[in-house]
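Derivation of every value follows stated rules applied to the coordinates shown; laboratory data play no part. Quick caveat: nothing in here was measured; it's all calculated off a predicted structure.
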Amino acid sequence: MNPLDEYNEATTRSEAAQAELKKHGDARARALAKLNEAGWSYGKIAGEVGLSRGKVQNLVERGRELD
């Protein structure tokens, strides 16, 4: 395979992997938003999942926007 074909193939694989990672990130954000909607505080969620309170808040807000 020539180097240009190798580059194009690697780019295609990289784009597919990035899309898959985004789906997983979206699923995580939606799950945390559901916990918050069920009455869990940002602090409680943070303690359970091992993230900072600020990161949890960002993910919850993102999860709400996705739905």
* **Among (1) -0.26, -0.40, -0.86, -0.94; (2) -0.57, -0.64, -1.03, -1.06; (3) -0.43, -0.55, -0.83, -0.88, the entry that matches log10 I(q)/I(0) by the Debye sum over Cα atoms at q = 0.12, 0.15, 0.22, 0.23 Å⁻¹ as calculated here** => (3)
* Between segment 36-55 and segment 1-23, the Cα center-to-center distance that results, in Å -> 35
